[in-house]
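A short worksheet on the structure shown next.
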């Protein structure tokens, strides 16, 4: 009888602690349900259109800027090799809003109890972990052989504005943010509830390292990729 009393007392303490700290000692199903819509995968036909600006810097030639649009659309669902439900997402590309879409890439995504994975070019990445909390860290390369790559969750449930578009409930995944006097490497993705990715940046710049320009962020060479949401909806 005494052992049973101590068991229930311990269970009550753990439940109270989880509630007060919002960090569950087991699967937090309410948190998962809350955060899952940040990467929608259930809505067939749902699409997002992005404006992309690619800038390439070189030492011996002028800077080249490419502008184009991407469209990502949930096309179908299927049962994967592990018996789970995955979705096929088609990515299209066009030079401008007047051009026709042309298929660019096909990738898959999968949402399980505590994470979302995305597979591109036979490489699987862990894009999000549930439930969200500030400074949550995980290995984005957990399911590939590229090497450990720590992602950190920032600005949880905060608003994010792109031009005139206001998204009230977003999270930021900081995949890399390394900055020195001679280089900058940054990879960031911002997700909005009910939409998915609304902003993506991939930057790899190398600065002039001569004594007269060290610390002035004068770019010698490198690339900067900025992808911002233009519109979204369902077809």
Exercise for the section: Mind listing whichever residues of the stretch 176-217 are touching a strand residue (DSSP E or B) at 6+ places or on another chain (Cβ under 6 Å), assigned to a loop (DSSP other than H, G, I, E, B) and either at pLDDT below 95 or farther than 19 Å from residue 156 by Cβ (or both)? Expected result: 182, 208, 217
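Residue under question is residue 128, and the condition is that it be within 23 Å of residue 47 (Cα to Cα) and either under 11 Å from the mean Cα position of the chain (by Cα) or not in a strand (DSSP E or B) (or both); does it hold?
On the way: within 23 Å of residue 47 (Cα to Cα): yes; either under 11 Å from the mean Cα position of the chain (by Cα) or not in a strand (DSSP E or B) (or both): yes.
Taking the combined requirement at face value, the residue satisfies it.
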Practice task
Of all residues in the stretch 131-173, count the ones that are touching a residue at least 24 places away in the same chain (Cβ under 8 Å), in a loop (DSSP other than H, G, I, E, B) and farther than 19 Å from residue 115 by Cα.
Solution key: 1
Completion exercise
Note: among 55, 117, 41, 48, just one is modelled with pLDDT of 95 or more, surrounded by 16 or more Cβ atoms within 10 Å (Cβ to Cβ), closer than 20 Å to residue 142 by Cβ and out of contact with any helix residue (DSSP H, G or I) (no Cβ under 7 Å at 6 or more places or on another chain), namely 117
Handout entry: Selection count where residues are touching a residue at least 60 places away in the same chain (Cβ under 8 Å) and loosely packed, with under 13 Cβ neighbours inside 10 Å, scope the stretch 77-114
Key = 1
Exercise for the section: Please go through the stretch 41-68 and pick out each residue that is over 25 Å from the mean Cα position of the chain (by Cα) and farther than 19 Å from residue 93 by Cβ. Expected result: 57, 58, 59, 60, 61, 62, 63
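Evaluate the following for residue 174: is it surrounded by 15 or more Cβ atoms within 10 Å (Cβ to Cβ) and either closer than 26 Å to residue 107 by Cα or touching a helix residue (DSSP H, G or I) at 6+ places or on another chain (Cβ under 9 Å) (or both)?
Working: surrounded by 15 or more Cβ atoms within 10 Å (Cβ to Cβ): yes; either closer than 26 Å to residue 107 by Cα or touching a helix residue (DSSP H, G or I) at 6+ places or on another chain (Cβ under 9 Å) (or both): yes.
Judged against the criteria, residue 174 is a match.
The values are calculated or read from the model by the stated rules, or taken from the named source; none is laboratory data. All values derive from a computational prediction rather than experimental measurement. Quick reminder, even Gly has a Cβ in these numbers, built from the backbone with ideal geometry, and neighbours come from all protein chains shown.
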